Amino acid sequence: MSTQNVQDPVETGTVFARMRDGVAARSKGPGGLYNIGNVVALIGGMVIQSIAVERHSSLNEVVFQYLFGSPAATSLTLAVLIFLASGEVYHRAWSHHGNAALRMVRVGDALSGLAAVVLTVALVQVGDPWLGLTGGVMLIIGKFGTAILPERPDASRRGAQITKLLRLVVVASRGPSLAALVVTIIVTATDGALAGLAMPLLMVLCYLLWLWADILLLRLSARPPHDIAEPSTPDSTP
């Protein structure tokens, strides 16, 4: 007669609870939101690409073409990888306090600025060049600007205002990219090519997640260093 280990349900529940808590912990704050958007863009894009291609293409061919099939694809892949690194730095910043946290945010800003340069190259090649260039340049200015002029406890009022303005530029940089995606969605839907809506709709979701993270970092710029704590929603009290 078989026996049942009565501990299994408890152990399984504990494992799933730990997994759930781990995912929830890594989803908090700007870094978590940035990387959720990055992973959704990377994996979701590959899934959509695999569905759209001809059946005789192998999975390896689909993945390679999506990631490295053209200069634009290679640029986009490299940008997402750098953004993933910056998202991880932002996430770890909230395990520190005060000036240590601000230094890590500064590193995250510098990495994001580098990724923005590579992303702009990709956007100009595959999308509306003017909207891609506008959004990309704004993101570059905002991210490198805050890396050069970060939040500091000894900053003057004018310096703090400049840093906050640069954070606002980052938030505003999402506008041109979202506008380009909305135009693409409208044109695609008007033409009746509903199958082509999946990718722009996916990217709208990603940009909204990145915008949410931008807003959290903007809120951070209004907090004194000793008050820095990991925010979970954009309406956290600054």
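The values are calculated or read from the model by the stated rules, or taken from the named source; none is laboratory data. Here the structure is a predicted model, which is why all the values come from computation and not from measurement. Note that each Cβ is placed from the backbone with ideal geometry, even for glycine, and that neighbours are counted across all protein chains shown. Remember, those area values only see protein heavy atoms, side chains included, never the ligands or the DNA or RNA. Shrake-Rupley method; radii C 1.70, N 1.55, O 1.52, S 1.80 Å.
Things worth noting here:
- Flag for Val137 being in a helix (DSSP H, G or I), over 13 Å from the mean Cα position of the chain (by Cα) and surrounded by fewer than 17 Cβ atoms within 10 Å (Cβ to Cβ): yes
- Any hit, segment 100-109, residues being within 15 Å of Leu220 (Cα to Cα), touching a helix residue (DSSP H, G or I) at 6+ places or on another chain (Cβ under 7 Å) and modelled with pLDDT under 90: yes
- Comparison of Gly113, Gly98 shows that the only residue that is out of contact with any strand residue (DSSP E or B) (no Cβ under 9 Å at 6 or more places or on another chain), open to solvent by less than 60 Å² (accessible area, probe 1.4 Å), touching a residue at least 40 places away in the same chain (Cβ under 8 Å) and not hydrophobic (A, V, I, L, M, F, W, C) is Gly98.
- Restricting attention to segment 96-108, the residues being farther than 14 Å from Gly31 by Cα, part of a helix (DSSP H, G or I) and not aliphatic (A, V, I, L, M) number 3.
- Any chance Val124 is at pLDDT below 85, open to solvent by 40 Å² or more (accessible area, probe 1.4 Å) and either in contact with a strand residue (DSSP E or B) (Cβ under 7 Å, 6 or more places away or on another chain) or among the aliphatic types (A, V, I, L, M) (or both): yes
- When residues in segment 67-95 are screened for being without any contact (Cβ under 8 Å) to a residue 24 or more places away in the chain, open to solvent by less than 60 Å² (accessible area, probe 1.4 Å), in a helix (DSSP H, G or I) and farther than 17 Å from Val40 by Cα, 1 of them pass.
- Residue among Ala189, Ala160, Ala180 that alone is within 20 Å of the chain's Cα centre (by Cα) and part of a helix (DSSP H, G or I): Ala180
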